[in-house]
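Asker: Below is one structure. I have some questions about it.
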Amino acid sequence: MTIYSGPVFEMAATQFGVIADYLAIPEDVRPRILMPKRAVTVSCPIHRDDGSIAVFEGYRVQHHLTLGPTKGGTRFAPSVDIGEVAALAVWMSWKCALAGLPYGGAKGGICVDPSALSNREREALSRRYMQEMIPFVGPHTDVMAPDMGTDEQVMAWFMDTYSMYQGKTVAEIVTGKPVRAGGTLGRREATGRGVAYLTRRVMNDLQLRISGATAVVQGFGNVGSIAALELYNDGVKVIAVSDHTGALYRAAGLDIPDLITHAAKHGSLAGYSSELACDPAEILTLPCDVVIPAARERVIDADVADRLRCRIVAEGANGPTTPDADLVLARRQNEIFLIPDILCNSGGVVVSYFEWVQDLQQLFWEEEEVVRRQYQILDRAFDQMVVRARRDRVFNRTAAMAIGVERVRDAKHTRGLFP
Ligand code: NAD
């Protein structure tokens, strides 16, 4: 029992247990690697538009400081609690280590439904959250980024608030900012672009024809919509998409640019077409080549995993697959190739790292360079995962996580235990 207890942290702990067994990590060393270094809870009061005061609970969890500052997104969602945030911080650590970035993992969030806030309230809450976090974060301590329910604008407010307290611009305090406020070209698209890049790579390896192949995308926010657009531009038929308001299906393929325009204008897919509406619970198990969960955790359980009818699962979301479902997917690995979350969606943190480096150096790169270097890192991590999975005959998630976990374990071992 810890303060993090709950289904999402238990999932991260179960996954870690599998890896720790595989790596034969001694029992007494395991908590040192798994348990977060620090966790902060704050109350964020704001004035509502009607003049009343509302208080929202916010969190930040920093998993480990062994390899450098911590790095991770900030989520605004009603589900956010300290356990969910801690699990996401742990996954960030394995992700950064797998990509070879000089970071530990972190994550933060506010328990709030962002769609119930006006723009002014969203700004007030974002600024108050960052103000409360000032003693705990810093460009060489903990660097925030966007996640579910937050975007470039929220990052600009975070950066501005932090900078006002320092009396100078500190662009490197957050990544995922607008380019005009110190962001990097290619960050907004980075996660979805990486998901699509690795999907294409696996399709080539499996000798699947890309043009005319079919895909399903759950979640139509930053990650899902960009991944869908990239695949659409390659000639893939995206036959179904969903968001929190519902799902759409079209056997001949949906018009993704048109859906993106609609979602930008109306805030969701709602109202696009009643004729194309379908059951969101069924889309992951439609027959297709590629399934991309790009919304929430734990949407592929053992039952869904059993019923999947695709060749590739490309995990755009963090933690979309439960440990029970992993057992099913490991059994079905000759039929379904899994690109695990800590690799598949790592394009986001890779380009966040580039943004941080550019801000620290005040030297900015062309988008072409950002994308080239992003793909280089994704290719390296992908190759390492595949070699490890083949060598030890283990599931892709086991191979990817083991590489991340052992890098953190080895760095801790080399640095020793203070004092
Ligand atoms: P976002 O807020 O931009 O979009 C989330 C999308 O998911 C929205 O379309 C929302 O309607 C949809 N959604 C929410 N609940 C749903 C449900 N029950 N069924 C179907 N759709 C639902 O968030 P995002 O940044 O695209 O993040 C999505 C996932 O990707 C999260 O798991 C996040 O942690 C992960 N991720 C994001 C980034 C990034 O750079 N933004 C990087 C790595 C991983």
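Asker: For the chain, what does the relative contact order come out to in percent, with C-alpha contacts under 8 Å and a separation of six or more?
Answerer: For the chain, the relative contact order is 15 percent.
Asker: Students often get this wrong, so check it: of 95/237; 37/177; 107/237; 107/412, which have C-alpha atoms separated by over 25 Å?
Answerer: Pairs exceeding the cut-off: 95/237; 37/177; 107/237.
Asker: Could you compute how much accessible surface residue 157 exposes when probed at 1.4 Å, giving the result in Å² to the nearest 10?
Answerer: Result for residue 157: roughly 20 Å² accessible.
Asker: What does the charge add up to near residue 314, with Lys and Arg as +1, Asp and Glu as -1, over the other residues with Cβ less than 14 Å from its Cβ?
Answerer: -1
Asker: Hey, can you find the accessible area per residue of the chain for me, probe 1.4 Å, expressed in square angstrom?
Answerer: Spelled out: the 1.4 Å probe surface of the chain, per residue, equals 41 Å².
Asker: If you keep only loop residues by DSSP, which trypsin sites (Lys or Arg not before Pro) in region 44-117 have at most 15 other Cβ atoms within 10 Å of their Cβ?
Answerer: Hits after loop and neighbour filter: 48.
Asker: Taking the Cβ of residue 295 as the center, what net charge do the other residues with Cβ under 13 Å away carry, scoring Lys and Arg +1 and Asp and Glu -1?
Answerer: So the surrounding residues net to -2.
Asker: Could you work out how far the C-alpha centroid of region 73-102 sits from that of region 12-55, in angstrom?
Answerer: 8 Å
Asker: Based solely on its DSSP helices, what 222 nm [θ] is calculated for the chain when runs of n ≥ 4 H residues each add -39,500 (n - 2.57) and the sum is averaged over all residues, nearest 500 deg cm²/dmol?
Answerer: Theoretical 222 nm ellipticity from helices: -14500 deg cm²/dmol.
Asker: Under a Cβ-only charge scheme (Lys and Arg +1, Asp and Glu -1), can you give me the dipole magnitude of the chain about the Cα centre, in debye to the nearest 20?
Answerer: Dipole magnitude for the chain comes out near 1000 debye.
Asker: Based on the alpha-carbon gyration tensor of region 114-183 and its eigenvalue square roots a ≥ b ≥ c, which shape applies: rounded if a/c is under 1.5, prolate if not and a/b is larger than b/c, or oblate?
Answerer: prolate
Asker: Scan around residue 48 for amide H atoms under 5 Å from its own, H built in the peptide plane at 1.01 Å from N, and keep only partners 5 or more places away or cross-chain.
Answerer: Sorted by chain and number, the residues that satisfy this are 53, 54.
Asker: In whole percent, and with a 1.4 Å probe on the protein chains, what portion of the accessible area of region 36-170 is carbon and sulfur?
Answerer: 51 percent
Asker: Over region 36-170, what is the mean sequence separation of C-alpha contacts under 8 Å (at least six apart), divided by residue count, expressed as relative contact order in percent?
Answerer: Relative contact order comes out at 28 percent.
Asker: Here is a further query. Once amide H atoms are built 1.01 Å from N in the peptide plane, which residues 5 or more positions from residue 142, or in another chain, come under 5 Å H to H?
Answerer: Distant-sequence amide H within range of residue 142: 70.
Asker: Any idea what log10 I(q)/I(0) is at q = 0.10, 0.14 Å⁻¹ for the chain, Debye with uniform C-alpha scatterers and no solvent?
Answerer: -0.65, -1.33
Asker: How large, in Å, is region 36-170 by the Kirkwood hydrodynamic radius built from its alpha-carbon pairs?
Answerer: 14.8 Å
Asker: Residues of region 76-98 with the amide nitrogen closer than 12 Å to a label point 7 Å from the Cα of residue 21, along Cα-to-Cβ, please.
Answerer: Inside the label zone: nothing.
Asker: Quick one: Cα centre-to-centre distance for region 352-392 and region 223-285, in angstrom?
Answerer: So the separation of the two Cα centres works out to 29 Å.
Asker: Quick one: net charge around residue 379, please, counting Lys, Arg +1 and Asp, Glu -1 for every other residue with C-beta under 14 Å from its C-beta.
Answerer: Net local charge, residue 379 excluded: +4.
Asker: Determine the relative contact order of region 188-344: mean sequence separation of Cα pairs under 8 Å and six or more apart, normalised by residue count, in whole percent.
Answerer: Value for region 188-344: 22 percent.
Asker: Mind checking which of 148, 288, 206 is farthest towards the positive end of the chain's charge dipole, using Cβ charges of +1 (Lys, Arg) and -1 (Asp, Glu) about the Cα centre?
Answerer: About the Cα centre, the residue reaching furthest to the positive side is 206.
Asker: Just to be sure I follow the definition: excluding the sites themselves, where is the longest run in the chain that has none of the GluC sites (Glu not before Pro) in a DSSP loop with at most 14 other Cβ atoms within 10 Å?
Answerer: Looking at the chain, 1-274 is the longest stretch - no exposed GluC sites (Glu not before Pro) with at most 14 other Cβ atoms within 10 Å.
Asker: Quick one: pull the percentage of alpha-carbon pairs in region 282-419 with a separation above 25 Å.
Answerer: Cα-Cα pairs in region 282-419 separated by more than 25 Å: 39 percent.
Asker: Now, a different point. With a cut-off of at most 16 other beta carbons within 10 Å, and DSSP calling the residue loop, which chymotrypsin sites (Phe, Trp or Tyr not before Pro) in region 1-62 qualify? Please list them.
Answerer: Passing both the DSSP loop test and the Cβ count: no residue.
Asker: Continuing with this model, one more query. Can you list the residues, at least 5 places off or on another chain, whose amide H is less than 5 Å from the amide H of residue 364, using H built in the peptide plane?
Answerer: Long-range HN contacts for residue 364: none found.
Asker: When N counts the residues of region 188-344, how does its alpha-carbon radius of gyration compare numerically with 2.2 N^0.38 Å, as a ratio?
Answerer: 0.94
The values are calculated or read from the model by the stated rules, or taken from the named source; none is laboratory data. Fair warning: this is a prediction, and the values are worked out from it, not measured in the lab. Cβ sites come from the backbone with ideal geometry, for glycine too, and all protein chains shown count toward neighbours. The accessibility values were calculated without ligands, DNA or RNA, using every heavy atom of the protein model including side chains. Shrake-Rupley method; radii C 1.70, N 1.55, O 1.52, S 1.80 Å.
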